[in-house]
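Take a look at the structure set out below.
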Amino acid sequence: MKVKICGIKTIEAAKHAFKCGADALGFVFADSKRKIKVLEAKEIIEALPEDIWKVGVFVNEDPAKIKEIAETAGLTHIQLHGEELLADFRSIGLPLIKSVSVKSQEDLKEIEGLNADYMLLDSPPGKYRGGNGSSFDWDLARFLDQSNKNKILAGGLNPENVKLAISKVNPFMVDVSSGVETNGEKDFIKIKHFIKNAKTAGEEI
């Protein structure tokens, strides 16, 4: 099971997540309490191994602006959380992750028409797009094509529920942000437990 820790703001949190086995780190460039400046992300990314995903999170941002940020910071993947048309972002030249807010079976039908490299199943947005700490009904995943290997599960995950979520959705990757935080900051113990639980759940399936 692959694991993404999103909302990274410090080198210490990034290195700890990688040391614990994270496969991807997310850097938020959209309006959020976890928003990071481009040069701050660049400094963190330069301290990371090449093989870990460095994902930039955006909401309805101009493709040219995203390309500029990606090249400056050293991003490897682009995650889109707005109403973007994926064709507008192909010229960036990086794999695209498209977020889909899941409230009902109807929302899952939207996935069938997406031409994203990866599809991120998330809970409906709150104050911000993503990172709100709420989950959707994982039982809805039974309506998905189970052969689909590019699903990323997000929304309300934490060290205590990630095994159950994986057993219901069987995603390619799980994505967590607020679920590994204490008082709005990354909690190193929670990060370690989340990654361990996710990895062992993946081995059990």
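The values are calculated or read from the model by the stated rules, or taken from the named source; none is laboratory data. Here the structure is a predicted model, which is why all the values come from computation and not from measurement. So basically every Cβ, Gly included, is an ideal-geometry build from the backbone, and we count neighbours across all protein chains shown.
Of a type in the set (Val, Ile, Thr), surrounded by fewer than 15 Cβ atoms within 10 Å (Cβ to Cβ) and touching a Lys or Arg at 6+ places or on another chain (Cβ under 9 Å), is that true of Thr72?
Working: of a type in the set (Val, Ile, Thr): yes; surrounded by fewer than 15 Cβ atoms within 10 Å (Cβ to Cβ): yes; touching a Lys or Arg at 6+ places or on another chain (Cβ under 9 Å): yes.
Criteria met by Thr72.
Test Ala13 against the criterion of being assigned to a helix (DSSP H, G or I) and without any contact (Cβ under 8 Å) to a residue 60 or more places away in the chain, and give yes or no. Criteria not met by Ala13.
Is it true that some residue in region 36-51 is in contact with a Pro (Cβ under 8 Å, 6 or more places away or on another chain), in contact (Cβ under 8 Å) with a residue 12 or more places away in the chain, under 30 Å from Phe188 (Cβ atoms) and surrounded by 13 or more Cβ atoms within 10 Å (Cβ to Cβ)? No, the conditions are met nowhere in region 36-51. Scanning region 96-121 for residues that are under 12 Å from the mean Cα position of the chain (by Cα) and either assigned to a helix (DSSP H, G or I) or without any contact (Cβ under 8 Å) to a residue 12 or more places away in the chain (or both) yields no hits at all.
One line per residue, one yes/no per condition, for (1) buried (at least 23 other Cβ atoms within 10 Å of the Cβ); (2) of a type in the set (Val, Ile, Thr); (3) modelled with pLDDT of 90 or more:
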position: Tyr128; (1), (2), (3): no, no, no
position: Phe143; (1), (2), (3): no, no, no
position: Ser177; (1), (2), (3): yes, no, yes
position: Ile205; (1), (2), (3): no, yes, no
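No other residue among Glu112, Glu84, Glu106, Glu46 is modelled with pLDDT of 95 or more and out of contact with any strand residue (DSSP E or B) (no Cβ under 7 Å at 6 or more places or on another chain) apart from Glu46. For region 73-95, the criterion of a residue being free of Cβ contacts under 8 Å to residues at least 12 places away in the same chain and in contact with a Phe, Trp or Tyr (Cβ under 9 Å, 6 or more places away or on another chain) is satisfied by no position.
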